[in-house]
Amino acid sequence: MEGVEKSFGATRALSGVSLDVAPGDVHALIGENGAGKSTLMKILAGVLTPDAGRMSLFGSPYRPTGPLDARRRGVAMIHQELTLAPHLDVEANLTLGTETTTFGFVRRAGRRAAIRDVLTRLRLADLPFDTPVGTLSTAVRQLLEIARALLSGARVVIMDEPTSSLGRRDVERLFDIVRELAASGCGIIYISHFMDELREVATRFTVLRDGASVGTGTLDAVDDDALIRLMAGGAPTTGTRAPSVRGTPLLVLDGLEGHPRPTEASLVLHRGEILGITGLVGAGRTELLRAVFGLDPVVSGSVTLAGIGFSADEGPDARWDRGMGFVSEDRKHEGLMLDLPLSVNLTLSRLEPVSRAGFVDGKKLDAASREWIDRLGIRAAGSNVAVGSLSGGNQQKVAIARLLHHDVDVLLLDEPTRGIDVRSKAAVWDLLRSLANAGRGILVVGSHLPEMLAHCDRIAVMNRGRLGEARDASTVTAHELLTEAVSVAESRHE
Amino acid sequence: MRLGTILAVLALLLAACGDSKSPSKRVIAVIPKGTTHEFWKSIHAGALKAAAESGVDIAWKGPPKEDDRDEQIKVVEDSVTRRVAAIVLAPLDEAALATPVAEAAKDKIPVVVIDSDLKGDAHASFVATDNEKGGAMAAERLGTLLGGKGRVLMLRYQVGSASTEKRERGFLAGIAKFPGITMVSDNQYAGATAEAAYAAAENLLQRFPELDGIFCPNESATFGMLRALTSVGRNGKVKFVGFDASAKLAEALKTGDIHGLVLQNPFRMGYLGVKTALDVLDGKLVERRIDTGVAMATPDNMTTPDIAELLNPKLPENVR
Amino acid sequence: MSDSNAVRLVRRLGPFLGLALVLVLFTALEPDRFPTAVNFRTVLTQTVIVGLGAVGMTFVVVSGGIDLSVGSSIALSTIVIARLLRDGASPAAAALAGVVAGGVVGVVNGTLITRLRIAPFIVTLGTLQIVRGTAKYLAGEQKIDAPASWLAGLMAKSPDPSWLIVAPGVWALILLAGFLAFVLRRSILGVHTYAIGSNESTAVLCGIKVDRTKVLIYGLSGLMTGLAGLMQFSRLTVGDPTAATGLELNIIAAVVIGGASLSGGVGGIAGSLVGALVMAFLANGCTLVGVPNYAQEILVGAIIVAVVAIDRSKRGT
C-alpha cells in the first residue's frame, strides 16, 4: 500500500499511509486509538474504498470492489467483534456464504475433508462439526474465524486485537498458529497495543499517527520507548494549565468491581476537579462509568457520593436524585432519543421543574430548553426539533445540557468530544471547566491523550480492568500514560 | 399524490363490487348466522325463489366473522341505515340481537326471524323448524335402533344458539322415555366450525371407547363427529343420528355410517321467511309462529322423492 | 433519516386526510344513505369499542409494546358484569367491577413483562389464551343472561335523554380520548411513555423507572379495555365468553392506521381514533354499497399495508 488516503466528510481519517507486508512476515501495526488503523484495514479488506493511493497484491494492482472480492483475492480480516452466527453449527459457519449447492440445496459432504484439514492445523481436530458455535469459548470462536479465512484460501490475514479477550494459554496457542501461518507463506498484519505481545509474534512494524505512517522498521531494532514516542508524536507532553483549586471529596470509589470489568477501581473525585480516565478501548473504562452510575451491577466495592454510599438495588434514578449524571459515549443508541424533540431530550431526567400537577407545561418546557440552547450555543431551529436533526456537536451539547438542567454535582462523561468538530470540542471543554470552577466534580473518559492532558486536572489509566493511580496532569507525560496503558499487567503472567 | 391514486383505484373497485340492482325494486335483507354451511345456501335459494316470484331483490349478508354476535348486530344496524324494506334474520343470539331488532321495528322496518328464536316481541313472526320435535324424533330413531338400551352420547353445538338448544332439549326428553339407555355425556360443545367439532369429537371418542349411540344437533357437529368416527375406524359400528343435510352426510347415510338424519326444510324456511316479510309489508296479518316441518331420513327411505329433495336440494346457479 | 417538522405535520395529518377521503368516497357512491345523521350515529356507536381499546393501545404501542390480550379481556369484562348483575349487584357496581377486571389484566401483563423480562408479544399471546379461558370458566362455558338495567342504554343509538344526540358511550369515548390525549402528550407519564418507546436504554439512563412506568401503561390500557368491555356488554346485553374474538387485531390496525409505529416512540390518540373511524366507516360504507364480506376484508388488509408503506416512504427510510 502506498500513499493511501481516506476522508469521511470533513474528517481526514487517513492522509498518506504506506505499508508493505512480505509472505512469511508478521507485520505489527501500531498506533493510538483513532490513529487510523481500523480505517486502513477496512480499505485493505475491501469494506471501504480509498480516495487516493495505490495498492498491490503479489505484484498486481489490487483494488477490491467489496469484502467478497477481497476475500476471493486472498485477503481476509479477523474482526475484533466476532462475526460468527451463534445458532449455526461449526460447519455451517465455516462455509457460510461460500456453500456449494446442488439445485439450491447445500451439499455438505464435499467440503468436509478440507474443513477437517484446516481445523487440524488450528489444533481443533477433535471439534465435532455439529457443535453450535454459541456454545464454544471465545478462544475457539476466534480460531474458527481464522479457519474461515484459511478455508477461503487467504494469503494475507489481518488480525485486529486478536488477544483482547483471550487468556494467557489461548494467547500462546494463537501465537503458535500465527507463526505457523507465516511459515506456510501467509502475510499477516497484526494489530495490537501490547508491546511485548508484538515482540513475541511479529518481526516488522509500522506506526500510524493521526492517519499517517510515521515510522516503519524491524521490531528488534527499536525499544518500546522509541515506539511510544512515535505513537505519541510531538503532542504536548504534560498538561499546560495551572492547577485548579481542589475542593472537598465528592465521589469516592473503593475497590469497585463489576462483571467482567472493571476488576479493581478506586479513586477520589473532588469538587472543582476534572478527573480524566484514559486507557485502551476495551480496558473497561465505559464499564467503570456504567457501574458507578448503577447501569451495570457492582460485584464488590463501593460507590460513595458526598459521604453516603449507594445500595446494590439502587439504579440510575437514585443517582440522578442525589445529583449524579451520565453522558453515554453512544449518543445514537443510548444517549439520546433521536426522534423526540430537543426539549424532551434535555429535560427528561427531571421534568418536575417544567411541570405543574403532573402535566408538562409547554411554556416552561420551551423556556427551560431555550435557556440551555442560548447558554451552550446549541445551533437548533427551535426547542421542538427532533434532536436527530442536529449535528454531532450540538447533539453532544444537548446530552450535557441534560445534566445541567438536572443541576447535578457529579458529571460522568464518556468520550464527550468523540466525533465532533474542533470548535465544538473546545466549547465542550470550556463548558466543563466552568462547571468545575462552579464546584462540580467531573469524571471524563477519553482516549486522545493530548486533549486529556490539556484539560484534565488529574488523569488515571485503566489497563485491562484495573484503574491505576490518578496522577497530576501538569507533571505526568503522554509517554508515561501510554506506557502504562499498553504494559501487560502482572496478573496476566500468573 | 400517491394516496389519491390509491383511493381513486379503490373507488373504482368499490363501484365494480357494488350491487348492480335496479333501484326501483324493494330490497329485503336476509341475514343468516353465517354463509359457509350448506344449510344457509338452501335458505338463500329459498329466499331467492320467493323474491323472484314477488319481484323484489334480496340483500344477502352474513356477519363478516361467523358466530360473532357484535358483527351480526352491525349487519342489522347497517341494513336499517340502508333503508331496506324488511329484514329476515337468523339471530346468532336470542338476547343480544333483540335490541337492534327492536330499533329496526321502531324505524318501521319489519323483521321476520327465521331458524332460531329471539327474545322480545319486536319481530313480526318466527318462521322455523320445530326444533324440539326434531330432537325428539332423533331420540325416537336412536332408541329404536338400539332396542331401548345402551350408552349414548350427545355432542352439543354452541352456547347461546336457541335452535340447537331446543333440539338438544327435545332429544334428552325423548331419550328419557327409554329407561334402558344411559347418557354418558351431554355437556360437551362442538363449537362453531366443523374443524372445532372434529377436535371435540375426537376427544370424546377417546374418552368413551365403548359407545352404542351418538346424537349431534346440527350439520357441522354431525360432520365433525363423522370424520372423527371414520378416523378411528368406529364408523358404522356406533349408531349415529345427526341433524341437517349436506352432500357428505347424505353419502354417509348411504354407506351406513350414519343411521338417521333429521332434516329441516331450510329451502322452505328461506322461502317462507321472505314471503312472510312481504305479507307484513302488504299489511296482511301473519302467524306469530310458522312451522316449516321436519323429516327423518334413513338409509331405507333416502331414495324416496320427498326425502331425496331435502337431502340434495337442487340449488339454483345464482347461489354461491 | 430524522423527521423534519414538515414531515411530522404530514404524518400527523395523514390519517385525517385518509378519513376525509373515505367519507368523500362513500358520499359520492351512496349520496342518499351514507351521509345521514342516522348513519353517522350508527357508525359512531360501532366505533366506541374499538375506539376505547385503541386509545389504551396507543399508550402501549407508543411505549414500544403490544397487547394481544385485549379481545379476551373485553369478553372477561362482559362476563364479570353479567355475573354480578345476575347475582343482584347494582348496575354501577357491576360496571365498575368490569372496568377494574380489565385493569387487573393490564397490570398482570405489565408485571409479567417487566418481572420475567419476556417480550410483550409473547406475554400477551399467553394472556390472550389465559384470559379467554378464565372468561369461559367464570361463565361456565355459556353466555350469561343478565337482568335488564340502564347499562344497556350506554350504547343506545337513540339515547335517553335525547339531548345527548349520540349514545353515552360515544361521549365517554370522546371525553376520555381528549383527556388521555392530553395525558399522553403533556403529562410526565406520557413523556416517559414516548421516551421508553423511542429509546429504552436512554430512558433507563435518564433515571426513568422504566418497569414501574410500563406496569402503569399496561394498567391504564387495561382500564380502557375494561371500559370497552362495559360497552360491549351494553351492546350485547349478555355476558359472552366468545365476544370480541380477534378484536385485538382491529384495535392494533386502528392504531397503526392512525400513524403509530409498532417499534415505539411514534403515535397519538387522535390518530388512533381516526384510524378506528376509518375502519368503521369503511365497513359501514362497504355494506351500504353492497360490497361482499370477502372484498371488504381484502380492502381493509390492503389499506393497512398501503398506509404503512406510504408512511415509510414519507419518512424516506
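Just so you know, all these numbers are worked out from the coordinates, no wet-lab data involved. Quantities reported herein were computed from a predicted structural model and do not represent experimental measurements. Glycine gets a Cβ as well: all are built from the backbone with ideal geometry, and neighbour counts include every protein chain shown.
The alpha carbon gyration tensor of the range C:68-184 gives principal lengths a ≥ b ≥ c with a/c of 1.5 or higher and a/b no greater than b/c, which makes the shape oblate.
So for the range A:249-493: antiparallel DSSP bridges make up what percent, rounded to the nearest 5? Here the share of antiparallel DSSP bridges comes out near 50 percent. In a simple Cβ point-charge model (Lys, Arg +1; Asp, Glu -1; nothing else charged), the range C:16-315 has a dipole of about 580 debye relative to its Cα centre.
Other residues within the sphere of radius under 11 Å centred on the Cβ of B:L278, judged by their own Cβ, net out at 0 (K and R +1, D and E -1). Counting neighbouring Cβ atoms within 10 Å and putting the fewest first, the residues B:D121, B:D279, A:D210 line up as B:D121, A:D210, B:D279. When the charge dipole of chain B is built from unit charges on Cβ atoms (+1 for Lys and Arg, -1 for Asp and Glu) and taken about the Cα centre, the candidate among B:V111, B:G180, B:I28 whose Cα reaches farthest toward its positive end is B:I28.
From the square roots a ≥ b ≥ c of the eigenvalues of the alpha-carbon gyration tensor of the range B:131-263, which class results: rounded (a/c under 1.5), prolate (a/b over b/c), or oblate? In terms of gyration-tensor shape, rounded. Counting only whole DSSP H helices of chain B, the ones at least 15 Å long by C-alpha along their axis and with mean Kyte-Doolittle hydropathy no lower than 0.0 are B:2-17, B:219-231, B:266-281. Just list whichever of B:K33/C:K136; B:K61/B:K108; B:K119/C:K136; A:K425/C:K214; B:K65/C:K136 have alpha carbons separated by over 26 Å in the model shown. Exceeds cut-off: A:K425/C:K214. In the structure shown, the pairs B:K275/C:K157; B:K106/B:K284; B:K49/B:K166; B:K41/B:K284 are assessed against 26 Å; a Cα-Cα span above that value is assigned to B:K275/C:K157; B:K49/B:K166; B:K41/B:K284. Charge tally around A:A291: other residues with Cβ under 13 Å, Lys/Arg +1 each, Asp/Glu -1 each, net -3. How would the range C:13-128 be classified by its alpha-carbon gyration tensor: rounded, prolate or oblate, with rounded meaning a/c under 1.5 and the a/b versus b/c comparison settling the rest? Oblate, because a/c is 1.5 or more while a/b does not exceed b/c. Taking the simple approach of a point 7 Å from Cα along Cα-to-Cβ for both B:T298 and A:S434, what is their distance in nm? Distance between label points: 10.4 nm.
Reducing the range A:341-380 and the range A:201-218 to their Cα centroids gives an inter-centroid distance of 50 Å. Measuring nothing but how far apart in sequence close Cα pairs (under 8 Å, 6+ apart) lie, relative to its length, the range A:249-493 scores a relative contact order of 29 percent.
By the helix-only formula, in which each DSSP H run with n ≥ 4 contributes -39500 (n - 2.57) and the sum is divided by residues, chain C has a 222 nm mean residue ellipticity of -25000 deg cm²/dmol. Neighbour counts of C-beta atoms inside 10 Å place B:M154, C:M279, A:M231 in the sequence A:M231, C:M279, B:M154, starting with the fewest. Calculated on C-alpha atoms, the gyration radius of the protein assembly as shown divided by its Kirkwood radius gives an Rg/Rh of 1.09.
Dipole size of the protein assembly as shown about its Cα centre, with +1 on Lys/Arg Cβ and -1 on Asp/Glu Cβ: approximately 1700 debye, rounded to the nearest 20. Given a Förster distance of 60 angstrom, what is the FRET efficiency for C:A89 paired with A:K363, based on the Cβ-Cβ distance and rounded to 0.05? Computed FRET efficiency for C:A89 and A:K363: 0.80.
Think of the protein assembly as shown as having a plus end and a minus end, set by charges on the Cβ of Lys, Arg, Asp and Glu; of A:V252, B:S125, A:G315, B:S125 sits farthest toward the positive end of this dipole. Using the average count of surrounding beta-carbon atoms within 10 Å as a protection proxy, the listed peptides B:47-54, C:252-259, B:293-300 rank, highest first, as C:252-259, B:47-54, B:293-300. Here the calculated FRET efficiency for C:L116 and A:D225, from their Cβ-Cβ distance with R0 = 45 Å, stands at 0.20, rounded to the nearest 0.05. Placing pseudo-labels 7 Å out from each Cα toward the beta carbon at A:T49 and C:V305 gives an inter-label distance of 3.6 nm.
The simple spin-label model puts a point 7 Å past each Cα toward its Cβ; for A:A318 and B:R207 those points are separated by 5.4 nm. Extension gain, B:A196 to B:R26: 0.36 nm times the residue separation minus the Cα-Cα distance gives 57.3 nm.
Counts of other chain beta carbons within 10 angstrom of each beta carbon in peptide A:348-361 average 4. Averaged over the residues of peptide C:183-192, the number of Cβ atoms from other protein chains lying within 10 Å of each residue's Cβ is 5. From least to most packed, judged by other beta carbons within 10 angstrom and beginning with the fewest, B:F171, B:F267 follow the order B:F267, B:F171. If both residues of a DSSP beta bridge must be in the range B:168-320, then about 35% of such bridges are antiparallel. Among residues other than B:V127 with Cβ under 12 Å from its Cβ, the summed charge is -2 (Lys and Arg +1, Asp and Glu -1). In percent, what relative contact order does chain A have, based on Cα pairs under 8 Å that are 6 or more apart in sequence? After rounding, I find 17 percent. Taking every residue in C:193-202 and counting other chain Cβ atoms within 10 Å of its Cβ, the average works out to 6.
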